[in-house]
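**Student:** First, the structure itself, so that you have it in front of you.
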Amino acid sequence: MSNRMWGGRFATGPAAIMEEINASIGFDRKLWAQDIAGSKAHAAMLAARGILSAEDEAAIRTGLDEIAADIEEGRFVFERSLEDIHMNIEARLGEKIGQAARRLHTARSRNDQVALDVKLWVRDTIDHLDGQFLDLMRALADKAGSHAGAVMPGFTHLQSAQPVTFGHHLLAYVEMLARDRGRFRDARARLNECPLGAAALAGTSFPIDREMTAKALGFDRPTANSMDSVADRDYALEALAAASIAAVHLSRLAEEIVIWTSAQFRFVRLSDAFTTGSSIMPQKRNPDAAELVRAKTGRIAGSLLALTMVMKGLPLTYQKDMQEDKEQIFDGLESLSLVLAATTGMVRDLEPDLAVLKRAAGSGFSTATDLADWLVRRLGIPFRDAHHVTGSIVAIAAAKGITLDRVPLAEMQAVHAGITEEVFSVLSVAKSVASRVSYGGTAPKNVRAQAKRWQSRLARE
Ligand code: ARG
């Protein structure tokens, strides 16, 4: 049997194992809609330039629309012997419309075709992710607005540092996600040049109109170098890099949810909808969704690394290695989409335990910095000295097993004679957070304003 796709030059078909390693239809079938959109734009352009007759173009368009319907309704039979989505669709088109189908590939190669399809898929996915980022940011900003003044411990080294508010903590993630979203937007703007018309690598002698296809497919312009057009996958690397950074942010939030829901912390409660039980331990409420969000980061960052390794060292232009781009791109970006959706669900359902948070906020001598600041402000002593005085008072509290605001005045005065009764006005957690009014600080009135700013900004999008 000669080869089904390029019989002319071949006397026999491929070995079974060749077909197995070569075929991409198992995964690139996901590109069917992009492939059809690209072919329709290409055919319309060929007709407009007189390279294809109007009848052939119409037949191609109708045939491709039928194929799209067949695929959507599950009637299309994908064949591995036809290697990939491009050949599967073209072969089916031939069965449907005959000769005209054989003219579609004029002035085109699978190299610019696949570059286009993958680019369109990445672009479509970035647009979808953008809406998902918005949903999560809205969920966080809403929750932050409801708990702008709810005190909780702020940590460094996972040790109590200074009291903050729950709303402030959540808004930190909104800031991160806004940058993540920005990275995807930047990537989208850079990728939005159309490779179609680069043909195999050198361009074509046919009088094609690349501006026309670029415009029809929603690109800003055609790519300027035919070799770059078919060799480039840096738009995919960029999207996966943005995904990896976003995944790191989501993983940190997930880790906090895991910590916060533990019986030792009890800072928040996750809804039943985002919790699982144990088959043996009846008391368990496991934060599986958060754990999986955390774990998927490995997958997403792994896809960036895998594609980076595929691309490094490839000479220009297209190399078959690049067929390995798709699974990484699909898996990386689809995992991010799943992780965003799951995180949004968890955040919406998350209920902080305000009493527990408040108690925890005051533990660990969290207002020690407030005491030191008071010594500087009221007694005019240098901060380094105030730090030392405060350290001695903390040591007294620690030895007695009491919080800072319970240390008797006389004992504080024994450390520094200038300390007065007034010091107690800064030692409470509520006073501490209320005093942090510097721009970007955790004072509830700041947090309330920031939550409002985000809510109205996000509502306008
Ligand atoms: N299935 C191929 C891929 O995904 C399509 C491009 C094939 N081009 C070629 N010259 N063999 O990369």
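**Student:** Which one of these is among the aliphatic types (A, V, I, L, M) and either open to solvent by 70 Å² or more (accessible area, probe 1.4 Å) or not in a loop (DSSP other than H, G, I, E, B) (or both): 171, 196?
**Tutor:** Of 171, 196, the one residue that is among the aliphatic types (A, V, I, L, M) and either open to solvent by 70 Å² or more (accessible area, probe 1.4 Å) or not in a loop (DSSP other than H, G, I, E, B) (or both) is 171.
**Student:** Being without any contact (Cβ under 8 Å) to a residue 24 or more places away in the chain and either more than 16 Å from the ligand (Cβ to nearest atom) or part of a loop (DSSP other than H, G, I, E, B) (or both) is the requirement here; does residue 296 meet it? Even if it seems obvious, please write down each step before you answer.
**Tutor:** Numbers: without any contact (Cβ under 8 Å) to a residue 24 or more places away in the chain: no; either more than 16 Å from the ligand (Cβ to nearest atom) or part of a loop (DSSP other than H, G, I, E, B) (or both): yes.
Judged against the criteria, residue 296 is not a match.
**Student:** Sticking with this structure for a sec: Please work out which one of (1) closer than 19 Å to residue 348 by Cα; (2) part of a strand (DSSP E or B); (3) aliphatic (A, V, I, L, M) is the condition residue 136 fails and give its number.
**Tutor:** (2)
**Student:** Could we say that residue 112 is part of a helix (DSSP H, G or I), under 30 Å from residue 239 (Cα atoms), among the acidic types (Asp, Glu) and more than 16 Å from the ligand (Cβ to nearest atom) here?
**Tutor:** no
**Student:** Every residue in the stretch 429-449 that is open to solvent by less than 50 Å² (accessible area, probe 1.4 Å), small (Gly, Ala, Ser) and modelled with pLDDT under 95, please.
**Tutor:** Answer for the stretch 429-449, where residues must be open to solvent by less than 50 Å² (accessible area, probe 1.4 Å), small (Gly, Ala, Ser) and modelled with pLDDT under 95: just 432.
**Student:** Can you confirm whether the stretch 134-143 contains a residue that is among the small types (Gly, Ala, Ser) and either within 16 Å of the ligand (Cβ to nearest atom) or crowded, with 24+ Cβ neighbours inside 10 Å (or both)?
**Tutor:** Quick first cut of the stretch 134-143, residues among the small types (Gly, Ala, Ser) only: 139, 141.
After this cut, where a residue has to be either within 16 Å of the ligand (Cβ to nearest atom) or crowded, with 24+ Cβ neighbours inside 10 Å (or both) as well, the list is 141.
Looking through the stretch 134-143, at least one residue is among the small types (Gly, Ala, Ser) and either within 16 Å of the ligand (Cβ to nearest atom) or crowded, with 24+ Cβ neighbours inside 10 Å (or both).
**Student:** Would you check which residues across the stretch 321-339 are away from the ligand (no atom under 16 Å from the Cβ) and surrounded by 23 or more Cβ atoms within 10 Å (Cβ to Cβ) and list them?
**Tutor:** Of the stretch 321-339, the ones away from the ligand (no atom under 16 Å from the Cβ) are 332-339.
Residues satisfying the conditions are 332, 333, 336, 339.
**Student:** Would you please name the residue that is surrounded by the fewest Cβ atoms within 10 Å (Cβ to Cβ), looking only at residues in the stretch 308-320 that are within 13 Å of the ligand (Cβ to nearest atom) and part of a helix (DSSP H, G or I)?
**Tutor:** Here is the first cut: in the stretch 308-320, the residues within 13 Å of the ligand (Cβ to nearest atom) are 310-311, 314, 317-320.
From what's left, part of a helix (DSSP H, G or I): 310-311, 320.
Working: 310: 18, 311: 19, 320: 10.
Among those that are within 13 Å of the ligand (Cβ to nearest atom) and part of a helix (DSSP H, G or I), it is 320.
**Student:** State yes or no: is residue 252 within 18 Å of the chain's Cα centre (by Cα), at pLDDT 95 or above and either closer than 30 Å to residue 231 by Cα or not assigned by the TED database to the domain that holds residue 176 (or both)? Even if it seems obvious, please write down each step before you answer.
**Tutor:** Values: within 18 Å of the chain's Cα centre (by Cα): yes; at pLDDT 95 or above: yes; either closer than 30 Å to residue 231 by Cα or not assigned by the TED database to the domain that holds residue 176 (or both): no.
It is false that residue 252 is within 18 Å of the chain's Cα centre (by Cα), at pLDDT 95 or above and either closer than 30 Å to residue 231 by Cα or not assigned by the TED database to the domain that holds residue 176 (or both).
**Student:** Has the stretch 278-289 got at least one residue that is assigned by the TED database to the domain that holds residue 346, buried (at least 16 other Cβ atoms within 10 Å of the Cβ) and hydroxyl-bearing (Ser, Thr, Tyr)?
**Tutor:** no
**Student:** Select, from 268, 293, 258, the only residue that is in contact with a strand residue (DSSP E or B) (Cβ under 7 Å, 6 or more places away or on another chain) and of a type in the set (A, V, I, L, M).
**Tutor:** Every option except 268 fails the conditions.
**Student:** Given the conditions (1) away from the ligand (no atom under 13 Å from the Cβ); (2) at pLDDT 95 or above, which single one is not true for residue 87?
**Tutor:** If we test residue 87 against (1) away from the ligand (no atom under 13 Å from the Cβ); (2) at pLDDT 95 or above, just (1) comes out false.
**Student:** For residue 75, state whether it is more than 12 Å from the ligand (Cβ to nearest atom), basic (Lys, Arg) and open to solvent by 10 Å² or more (accessible area, probe 1.4 Å).
**Tutor:** Yes: the conditions hold for residue 75.
**Student:** What's the number of the condition residue 240 fails, among (1) part of a helix (DSSP H, G or I); (2) open to solvent by 10 Å² or more (accessible area, probe 1.4 Å)?
**Tutor:** (2)
**Student:** Under the condition of being in a helix (DSSP H, G or I) and out of contact with any helix residue (DSSP H, G or I) (no Cβ under 9 Å at 6 or more places or on another chain), which residue from the stretch 1-25 is least open to solvent (accessible area, probe 1.4 Å)? Can you show your working first?
**Tutor:** Residues of the stretch 1-25 in a helix (DSSP H, G or I): 7-9, 16-22, 25.
Filter again for out of contact with any helix residue (DSSP H, G or I) (no Cβ under 9 Å at 6 or more places or on another chain), leaving 7-9, 16-18, 21.
Values: 7: 22, 8: 89, 9: 199, 16: 77, 17: 118, 18: 88, 21: 134 Å².
Selected residue: 7.
**Student:** How about the stretch 92-106: which of its residues are more than 16 Å from the ligand (Cβ to nearest atom) and either modelled with pLDDT under 95 or part of a loop (DSSP other than H, G, I, E, B) (or both)?
**Tutor:** Selection gives 106 alone.
**Student:** Need the failing condition index for residue 283 against (1) of a type in the set (S, T, N, Q); (2) under 25 Å from residue 164 (Cα atoms); (3) without any contact (Cβ under 8 Å) to a residue 40 or more places away in the chain, just the number.
**Tutor:** Failed condition: (2).
**Student:** Scan the stretch 115-126 for residues that are among the charged types (D, E, K, R) and more than 13 Å from the ligand (Cβ to nearest atom) and report the count. Outline the logic, then answer.
**Tutor:** As a first pass, look at the stretch 115-126 and keep what is among the charged types (D, E, K, R): 117, 119, 123-124.
With more than 13 Å from the ligand (Cβ to nearest atom) added as a condition, the list becomes 123-124.
Summing the residues that are among the charged types (D, E, K, R) and more than 13 Å from the ligand (Cβ to nearest atom) in the stretch 115-126 gives 2.
**Student:** Of the residues that sit in the stretch 26-68 and are within 16 Å of the ligand (Cβ to nearest atom) and polar (S, T, N, Q), which one is least open to solvent (accessible area, probe 1.4 Å)?
**Tutor:** 39
**Student:** Any idea which of 155, 206 is out of contact with any helix residue (DSSP H, G or I) (no Cβ under 6 Å at 6 or more places or on another chain), closer than 29 Å to residue 354 by Cβ and either of a type in the set (A, V, I, L, M, F, W, C) or surrounded by 18 or more Cβ atoms within 10 Å (Cβ to Cβ) (or both)?
**Tutor:** Criteria check complete, one pass: 155.
**Student:** Another question about this same structure. Just checking, which of 148, 161, 187 is surrounded by fewer than 23 Cβ atoms within 10 Å (Cβ to Cβ) and not charged (D, E, K, R)?
**Tutor:** Numbers: 148 fails: surrounded by fewer than 23 Cβ atoms within 10 Å (Cβ to Cβ); 187 fails: surrounded by fewer than 23 Cβ atoms within 10 Å (Cβ to Cβ).
Result of the check over 148, 161, 187: 161.
The values are calculated or read from the model by the stated rules, or taken from the named source; none is laboratory data. Remember, predicted model here, so these are calculated numbers, not experimental data. Backbone-built Cβ (ideal geometry, glycine too); neighbour counts: all protein chains shown. The area values use the complete protein model at the heavy-atom level, side chains included, leaving out ligands, DNA and RNA. Shrake-Rupley method; radii C 1.70, N 1.55, O 1.52, S 1.80 Å.
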